[in-house]
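So the structure is just underneath, and the comments pick up after that.
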Amino acid sequence: MKSSKRRHLLQAAVLMTAGAGVRERAEAQTPRMPFVVAPTSIPISGSTDLFPVRRIYCIGRNYAAHAREMGSDPAREPPFFFQKPTDAVQVVPPGVTVDHPYPTLTQNYHYEIELVAALDKGGRDISVERALACVFAYTVGLDMTRRDLQRAMGDEKKPWEIGKSFDHSAPLGPLHLATKTGPFTEGAIWLKVNGQVKQSANLNQMIWSVAEQVSKLSQAFELMPGDIIYSGTPENVGPVVKGDVMTGHIDRLPDISVKVV
């Protein structure tokens with residue numbers, strides 16, 4: 001082999017070895033996650049698309065009668081919000097009764113039927129006039145509550161996430177596009193347990209409308225696409241036990257049905 005050819009082959013081998021070393025060092029320096037956390041998503045009705053969930057906001061005591069039954073004055077109380085973890089989501093397909101696990105640590109497990117709004121736009125200090133432009137879709141949801149734990153923490157002036165923010169505490173149906181449903185400013189909202197009506201009201205009885213909720217929330221948090229908002233429950237919240245079937249309804253949306261197991 002001629003010396004020039006041998007020299008070129010040696011140079012190529014050196015470059016290949018150096019390149020492999022660079023790749024190995026780069027791979028060693030690239031951060032790696034030790035495990036993968038599954039994302040939370042909600043089906044979008046009429047398509048195969050999924051809505052990725054970033055945060056779950058809930059407004060408290062947003063119907064006057066419910067505020068009074070919980071011991072507050074709706075004429076004077078500004079809106080307040082709390083959050084649930086994204087893995088609180090339990091998707092309930094229409095026409096199906098889904099098993100819903102009775103949670104640990106509670107002896108007083110309550111239902112709360114609510115309209116849910118899902119956002120595809122966000123921002124800070126959103127005006128009421130622009131707020132509904134952020135709403136991508138709506139659905140029916142349940143804000144399930146370990147009432148005894150919530151009250152115990154409240155009595156001790158401690159945070160009451162343990163009463164609200166637990167696994168499967170946010171059952172809801174697939175999302176229905178706001179461009180098809182229009183806004184929800186009125187219409188019947190009710191919940192039945194084993195066929196008997198427990199909660200019944202009209203969305204126009206909300207103290208703070210969905211638009212006002214979005215606006216108020218954006219003053220405290222920068223809202224983002226993927227945020228969902230539980231918009232409050234009417235009066236007559238109450239307990240369920242294993243074997244009970246809850247059916248939730250809002251006019252112009254499919255019902256949801258879950259069985260406590």
Residue match in segment 228-236 (condition: more than 16 Å from HIS249 (Cα to Cα), in contact (Cβ under 8 Å) with a residue 60 or more places away in the chain and either buried (at least 23 other Cβ atoms within 10 Å of the Cβ) or assigned by TED's automatic domain parsing to the domain that holds GLN150 (or both)): yes
Count - residues of segment 146-190 that are more than 19 Å from GLY232 (Cβ to Cβ), among the hydrophobic types (A, V, I, L, M, F, W, C), in contact (Cβ under 8 Å) with a residue 60 or more places away in the chain and buried (at least 20 other Cβ atoms within 10 Å of the Cβ): 1
Output for segment 191-220, where each listed residue is touching a residue at least 60 places away in the same chain (Cβ under 8 Å), among the hydrophobic types (A, V, I, L, M, F, W, C) and over 11 Å from ALA118 (Cα atoms): LEU191, VAL193, ALA201, LEU203, MET206, ILE207, TRP208, ALA211, LEU217, ALA220
Qualifying positions in segment 184-215 - of a type in the set (Ser, Thr, Tyr) and within 19 Å of ILE256 (Cβ to Cβ): SER200
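Yes/no per residue for (1) modelled with pLDDT of 95 or more; (2) part of a strand (DSSP E or B); (3) under 16 Å from the mean Cα position of the chain (by Cα):
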| residue | (1), (2), (3) |
| --- | --- |
| HIS168 | yes, no, yes |
| ILE189 | yes, yes, no |
| TRP208 | no, no, no |
| VAL214 | yes, no, yes |
| GLU235 | no, no, no |
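The values are calculated or read from the model by the stated rules, or taken from the named source; none is laboratory data. Just so we're clear, the structure is a prediction, and the values are computed from it rather than from any experiment. Here the Cβ is made from the backbone with ideal geometry for all residues, glycine too, and neighbour counts use every protein chain on show.
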